[in-house]
Amino acid sequence: MSDQSAAVLPPALTSLPEDEQLFAESVYQFADREIRPRVREMDDAAKIPAELVGRLFALGVMGIEIPEALGGSGGRFFHSVLAVEALSRVDPSIGVLVDVQNTLVINALLKWGNDDQRRRYLPRLATDMVGAYALSEAGSGSDAFALSTRAAEEGTDFVLTGRKLWITNSQEAGLFIVFATVNPAAGHRGITAFLIERDRPGFNVGRKEDKLGIRASSTCELVLDGCRVPRANVLGEVGKGYKTAIETLNEGRIGIGAQMIGLAQGALDHTISYTRERRQFGKAISQFQAVQHQIARAATELHASRLMVYEAARLRDQGRPFLNEAAMCKIYASEVAERVASLAVNLFGGNGFVKDYPVEKLFRDAKIGQIYEGTSNLQLETIAKGLGLKS
Ligand SMILES: Cc1cc2nc3c(=O)[nH]c(=O)nc-3n(C[C@H](O)[C@H](O)[C@H](O)COP(=O)(O)OP(=O)(O)OC[C@H]3O[C@@H](n4cnc5c(N)ncnc54)[C@H](O)[C@@H]3O)c2cc1C
């Protein structure tokens, strides 16, 4: 084999083109400098300061796939994955803020929005408006299309009544994509997506959840009480909201995979530096083979999850089927994140159990990866279906 044949080999799965590498590095540097010093304070206060959200806009990570002509960064889905990973390495709460903005809200508008809607909302979403994505309700989580929020047609408007639960970014958001049914008898074929601005009469952000993890990320109830929305704010077609929801969530879960590999990387970074410093029995605890092997296994699992997340994101950007890969990367990355964060707590000893050190938070944060954007059981359902096991 000549050297020339080696030169034309496709790149390794994790070798990123220069633009992606520089982008990921710059987002991580920002997170390390601007976010890391505030992680504890944000977790305690269960709040992301508005000024930090403003800096995320200035960094260009709030409108990654929005075309430059509309004020965005003109990137690909893969850039969103890299941003979510880099931010989550420092704080998964910031990771999910950016994830929902890009992989759900902007993604849905780019795909389903008409020209008028794109012109009205995308420049704002790129510069100063946070978005939220409201599908879940008290009675419909995994069974999302059993939702009961009603959109009654009145002339050229729809009037929405109902409640949404668990909505990420609600505290900060100016725009909400809200799913409601125009005809409960039609089942999923009645579901319709609406673009609702925060200040629309009849729309209110309700109670904020007090959570185990990702505490700084806001999760609230939404109350729609006769909220009148013009037909011009229907996203996609009336009765086709189920398609919008399925398709965006299929892509969004790759973002959650990215959040989880970022979290696991953060836990691993802390573990490696702590075990090198902490001395017992006259040496650094990293010198014990049992400790080394545990860390080596964590690094191996993290590497495997990263390959899975990147592969799913690449398939999505290339317009190739990615459904199973997305479900697989989310389930695996979220389990690995939980294991790596748990190991971090163990290897920090007593210090792993207290808030003065960063790993107990990552352990708490990891749990959400197996719940939102489709629980692990629901991901397994998707994978089993993809394998032809379901009739
Ligand atoms: C912090 C947080 C943020 C969130 N953000 C958003 C958001 O921004 N927008 C939004 O719309 N939603 C959001 N959610 C809601 C989230 O997507 C749902 O909580 C999730 O889909 C699970 O629904 P559920 O809580 O009703 O659980 P359930 O559906 O009641 O599930 C409970 C258990 O039953 C299992 N189960 C259910 N059905 C099956 C089945 N058919 N087979 C096997 N097992 C099954 C599940 O796997 C789970 O273990 C958020 C939730 C949280 C906690």
Computed [θ] at 222 nm, helices only, for the chain once each DSSP H run of length n ≥ 4 contributes -39500 (n - 2.57): -15000 deg cm²/dmol
For each pair in K111/K330; K240/K385; K361/K390, compute the distance between the two Cα atoms and list the pairs where it is over 32 Å. K361/K390
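Which sequence of S218, S26 reflects their accessible areas, 1.4 Å probe, from the largest down?
Values: S218 5, S26 55 Å².
Reading off the accessible areas and sorting them downward yields S26, S218.
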Over the stretch 155-239, with every protein chain in place, what whole percent of the accessible area is carbon and sulfur at 1.4 Å, could you tell me? 49
Part-to-part distance (alpha-carbon centres) for the stretch 189-256 and the stretch 56-83, which is given in Å: 21
How much FRET efficiency would the formula 1/(1 + (r/R0)^6) give for E41 and T375, where r is the Cβ-Cβ distance and R0 is 35 Å, rounded to 0.05? 0.70
Candidate lysines - alpha carbon under 20 Å from K355, same-chain residues fewer than 8 apart omitted: K47, K211, K367
Taking the Cα centre of the chain as the origin and placing charges on Cβ (Lys, Arg +1; Asp, Glu -1), which of G226, Q318, N114 is farthest toward the positive end of the dipole? G226
Can you give the translational diffusion coefficient of the stretch 1-82 in µm²/s, computed by Stokes-Einstein from the Kirkwood radius over Cα pairs at 4 °C and 1.567 mPa s? 85
Under a 5 Å amide H to amide H cut-off, with H placed in plane at 1.01 Å, what residues pair with R228 once short-range neighbours are removed? L160
Placing +1 on each Lys and Arg Cβ and -1 on each Asp and Glu Cβ in the chain, then taking the dipole about the Cα centre, the residue among F158, L59, G187 whose Cα reaches farthest towards the positive end is G187
Compute the acute angle (0 to 90°) between the alpha-carbon long axis of helix 323-347 and the principal axis of greatest extent of the alpha-carbon atoms of the chain; round to the nearest 10°. 50
Given H placed 1.01 Å from N in the peptide plane, which residues other than close sequence neighbours of A134 have an amide H under 5 Å from its amide H? I177, V178, F179
Long-range tail of P(r) for the stretch 71-162 (Cα pairs > 18 Å, %): 59
Fraction of alpha-carbon pairs over 27 Å apart in the stretch 260-391 - percent: 29
Keeping every protein chain present and rolling a 1.4 Å probe, give me the accessible area per residue for the chain in Å². 44
Mind jotting down the three principal axis lengths of the stretch 123-190 based on Cα atoms? Whole angstrom, largest first. 40, 32, 17
Angle between the Cα long axis of helix 50-59 and the longest principal axis of the chain, 0 to 90 degrees, nearest 10? 80
Normalising by the residue count of the chain, find the relative contact order in percent from Cα pairs under 8 Å and 6+ residues apart. 16
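For the chain, state the average projected area of the convex hull of the C-alpha atoms over all orientations, rounded to one decimal in nm².
Details: hull surface 89.5 nm².
Projected over every direction and averaged, the Cα hull of the chain covers 22.4 nm².
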For S391 and E277 in one chain, what is 0.36 nm times their gap in residues minus the Cα-Cα distance, to one decimal in nm? 35.5 nm
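Based on the Cβ-Cβ distance from N183 to R320, what FRET efficiency comes out when R0 is 30 Å, to the nearest 0.05? Mind dumping the intermediate values first?
Details: r = 35 Å, r/R0 = 1.16.
Here the calculated transfer efficiency is 0.30.
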By how many degrees, 0 to 90 and rounded to 10, does the Cα axis of helix 115-127 deviate from the longest principal axis of the chain? 40
If you roll a 1.4 Å probe over the stretch 71-120 with all protein chains in place, what percent of the accessible area is carbon or sulfur? 42
Net dipole in debye of the chain [+1 Lys, Arg Cβ; -1 Asp, Glu Cβ; about Cα centre; nearest 20]: 640
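The values are calculated or read from the model by the stated rules, or taken from the named source; none is laboratory data. Everything quoted here is computed from the prediction, not taken from an experiment. Every residue, glycine as well, gets a Cβ built from its backbone with ideal geometry; the counts of neighbours run over all protein chains shown. The accessibility values were calculated without ligands, DNA or RNA, using every heavy atom of the protein model including side chains. Shrake-Rupley method; radii C 1.70, N 1.55, O 1.52, S 1.80 Å.
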